[in-house]
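The values are calculated or read from the model by the stated rules, or taken from the named source; none is laboratory data. As the structure is a computational prediction, the values presented were derived from the model and not from experiment. Every residue, glycine among them, receives a Cβ derived from its backbone with ideal geometry; neighbour counts consider all protein chains shown. Each accessible area value is taken on the protein alone, full model and side chains, heavy atoms only, with ligands, DNA and RNA left out. Shrake-Rupley method; radii C 1.70, N 1.55, O 1.52, S 1.80 Å.
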Amino acid sequence: MKRREFCKSAVAAGVAAAFPIGEILADFVDMPAITSAGNETTLEGAAVKELADSLRGALLLSGDDGYDHARAVWNGMIDKQPALIARCEGASDVSHAMTFARERNLLVSVRGGGHSISGKSVCEGGLMIDMSDMNSVRVDQSARTARADGGCLEGHIDREGALLGLATTGGIVSHTGAGGLTLGGGFGRICRKYSMACDNLLGADIVTVDGQLRHVSDEEEADLMWALRGGGSNFGIVIALEYQMHAMDPIVIAGDVVFAWKDARDALMFYAEHGADMPDELNLNVIVRTLPDTGPVVSFEAVWCGDPAKADAALAPLRAAGKPISDTIAAVPYAIFQTRGDNSNRHGIRMYMKSSFVNDFTPELVDQVIDVHRESPTYAIFFMQSGGAVNRRSPGDTAFPYRSAHSNMMVWHQWLDLESDAEREARIAEVRSDWARLQKFTHGFYVNLNDEDTARTHANYGANYERLVKVKNQYDPTNLMHLNANIKPTV
Ligand SMILES: Cc1cc2nc3c(=O)[nH]c(=O)nc-3n(C[C@H](O)[C@H](O)[C@H](O)COP(=O)(O)OP(=O)(O)OC[C@H]3O[C@@H](n4cnc5c(N)ncnc54)[C@H](O)[C@@H]3O)c2cc1C
């Protein structure tokens, strides 16, 4: 039995009463770990104890209660074992954890909502800095702003805002982390009206790699502020995000208009021809998938966040695009509608996805989508709409450069069952082969959905990349924060 395990069982047996707890937990054994560069190293037990003592939150090691829960991220295919997990409760915890990692050049991952599909928020053998206990939101009604902790989920902000008749753009699944989503961009059901989450980011508190807590805004450390609006988690750990909120009726007009496969081409052509010039208040996300009783369908999820009296007129062209087999559009609370995908996208689900932006939604793309689609309950081709306010920004206004996209195209298999290796590989191979036929219609990718392709990150950020490198050189010259779509420092 390891000394530390003995100590824990001694506490459980009541031996602790005879000793001060500090002494009981005095013996942390040396442990193997992995450096930022991927090499093996040893963490001294005394240093680990010092880190544990410095934190308000728990420091979890393999075998501790809660360790397996904390290391689990959204995508059930990811199974990594950090040497240490710091469950942070405040900026000082984050600073201590960051300093510990920097001084040892230790591999570091940061967990917000855990939705990185490739699993970048957990690391094998390094230090996982877990922000998920830092999740309070305070909305200032008169200033129309919200301050959200760095571990907040999108649903926290939606709900607190709705109480006061305010909203800001957040993701379409309410358990997505606001930190990860906003730092990489942030599309959602009201982004055509109020622009992306990163465009609504007014300021942030951030612990940079040097361990310092900084407040950044357009007035303070403006280059770093610019980089946080789309440059991802390359520059530090965000403790709090300050958002612009907008007056919005908490009730929106929303639901699904579904077309049978015989109308698939007409429905997708409607989206191709009108997706770019719809009113900003209307958002249409489109999913091509197979329903158990109906077979393949093209389903439009519509959200109208404007004057309810004008909703029918705005939705009329969609309803006329074919003969819908169902139409569930109704008045619904926005914050509740935002949770509609939470269960079908629950934690532990397995997903393999390819995605990129579509600028020109051409008839050739429509034909290819119809041809490529597979009749499988786990398979879908999804278009998340962009445009409107998102595209009225210039590519250089923020680090997020994609201001010409019609939509973001995604192809995936998503499944719950524990698959065999062969089944998993077959699903992955199908997505890859379909993507090989669809990718030619795309221009650049969304770093929040594709944080693995760091070889193409430079080209993807286009003219913004050089400025991002300058900020990276200043705030993270050793690239400690590299589990992301990585901006490589050049110093
Ligand atoms: C089911 C699902 C639905 C989604 N829906 C949308 C959507 O509607 N719109 C959209 O734009 N995107 C969406 N995404 C993509 C999403 O934006 C990214 O996966 C995002 O990175 C998730 O952030 P997270 O905090 O949940 O993830 P995590 O896995 O915790 O983190 C993702 C990245 O952000 C970093 N990070 C997280 N928190 C912090 C912090 N406080 N400070 C510094 N770095 C941090 C992590 O280190 C990691 O690199 C969705 C993803 C999934 C799986």
Study note, to complete from the structure: Toy charge model, Lys and Arg Cβ at +1, Asp and Glu Cβ at -1: region 330-423 dipole around Cα centroid in debye, rounded to 20, equals 560 debye
**Study point:** For Phe187, solvent-accessible area (1.4 Å; no DNA, RNA or ligand), Å²
**Key:** 10 Å²
Practice item. Please state the charge dipole magnitude for region 163-223, taken about the Cα centre, from unit charges on C-beta atoms (+1 on K and R, -1 on D and E), reported in debye and rounded to the nearest 20. Key: 600 debye
Review point. Once you list every other residue whose beta carbon is under 14 Å from the beta carbon of Ala426, what net charge do they have if Lys and Arg are +1 and Asp and Glu are -1?
Key: -2
Review point. Based only on Cα atoms, what Rg/Rh ratio does region 195-304 have, Rh being taken as Kirkwood's radius?
Key: 1.18
Review point. From the phi of every residue in region 331-343, what ³J(HN,Hα) in whole Hz does the Karplus formula 6.51 cos²θ - 1.76 cosθ + 1.60 yield, where θ is phi - 60° and glycine or proline is x?
Key: 6, 9, x, 4, 5, 7, 4, 5, 9, 4, x, 4, 6
Practice item. Pop the C-beta distance of Arg144 and Ala422 into the FRET formula with R0 = 51 Å and round what comes out to the nearest 0.05. Key: 0.45
Check your understanding: Could you give the distance between the Cα centres of region 125-139 and region 374-437, to the whole Å?
Key -> 27 Å
**Study point:** Taking the convex hull of Cα positions in region 248-342, its mean projected area over all directions (nm²)
**Key:** 6.1 nm²
Point to revise | ³J(HN,Hα) computed for each position of region 417-422 - Karplus, 6.51 cos²θ - 1.76 cosθ + 1.60, integer Hz, glycine/proline x | key: 5, 6, 7, 7, 4, 5
Review point. How large is Rg/Rh for region 172-238, to two decimals, with Cα atoms and a Kirkwood Rh?
Key: 0.99
Practice item. At 0.36 nm per residue, minus the direct Cα-Cα distance, what do Arg456 and Glu44 gain on full extension? Give it in nm, one decimal, please. Key: 144.5 nm
**Study point:** 21 Å Cα-Cα reach of Lys470 towards lysines, excluding residues that sit fewer than 8 places from it in its own chain
**Key:** Lys488
Point to revise | 5 angstrom amide H check on Leu202, placed H, neighbours 5+ away | key: Glu242, Tyr243, Gln244
Review point. In a shell of Cβ-Cβ distance under 15 Å around Val173, excluding Val173 itself, what net charge do Lys and Arg (+1) and Asp and Glu (-1) give?
Key: 0
Review point. Which one of Met248, Ile117, Thr454 has its Cα pushed farthest toward the positive end of the charge dipole of the chain, where Lys and Arg give +1 and Asp and Glu give -1 at the Cβ?
Key: Thr454
Study note, to complete from the structure: Among Ala37, Ser54, Ala302, the residue whose Cα sits farthest towards the positive end of the charge dipole of the chain, when +1 is placed on the Cβ of each Lys and Arg and -1 on the Cβ of each Asp and Glu, is Ala302
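Relative to the compact-globule scaling 2.2 N^0.38 Å, provide the ratio for the alpha-carbon radius of gyration of the chain. If you can, show how the numbers build up before the last one.
On the way: Rg = 23.5 Å, N = 491, 2.2 N^0.38 = 23.2 Å.
Cα Rg divided by the expected 2.2 N^0.38 Å: 1.01.
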Review point. In nm, to one decimal, how far is the modelled label at Ala429 from the one at Lys80, with both set 7 Å along Cα→Cβ?
Key: 2.7 nm
Check your understanding: To the nearest µm²/s, what D does Stokes-Einstein give for region 344-491 at 4 °C and 1.567 mPa s, using the Kirkwood radius over alpha carbon pairs as Rh?
Key -> 76 µm²/s
Review point. Dipole magnitude of the chain about its Cα centre, charges +1 at Lys/Arg Cβ and -1 at Asp/Glu Cβ only, in debye to the nearest 20?
Key: 400 debye
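Hey, any idea what Rg/Rh is for region 42-159, computing Rh the Kirkwood way over Cα pairs?
1.01
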**Study point:** Order by protection proxy (mean Cβ within 10 Å, highest first), peptides 235-241, 218-224, 411-417
**Key:** 235-241, 411-417, 218-224
Practice item. Once you have the Cα-Cα distance between Arg346 and Ala37, take 0.36 nm times their residue separation minus that, and quote the gain in nm to one decimal. Key: 108.0 nm
Revision key, fill the gap. For Lys80, the aspartates and glutamates lying under 18 Å Cα to Cα, once residues fewer than eight places off in the same chain are dropped, come out as Glu40, Asp64, Asp65, Asp68, Glu124, Asp130, Asp421, Asp451, Glu452
Practice item. Quote the convex hull volume per residue of region 69-112, based on C-alpha atoms, as a whole number of Å³. Key: 77 Å³
Exercise for review: Would you kindly state how much longer the chain becomes between Asp249 and Glu220 on full extension, computed as 0.36 nm times their sequence separation minus their alpha carbon distance, in nm to one decimal?
Suggested key: 7.1 nm
Exercise for review: Kindly give the semi-axes, whole Å and largest first, of the ellipsoid equivalent to region 128-208, taking each as the square root of 5 times a Cα gyration tensor eigenvalue.
Suggested key: 18, 15, 12
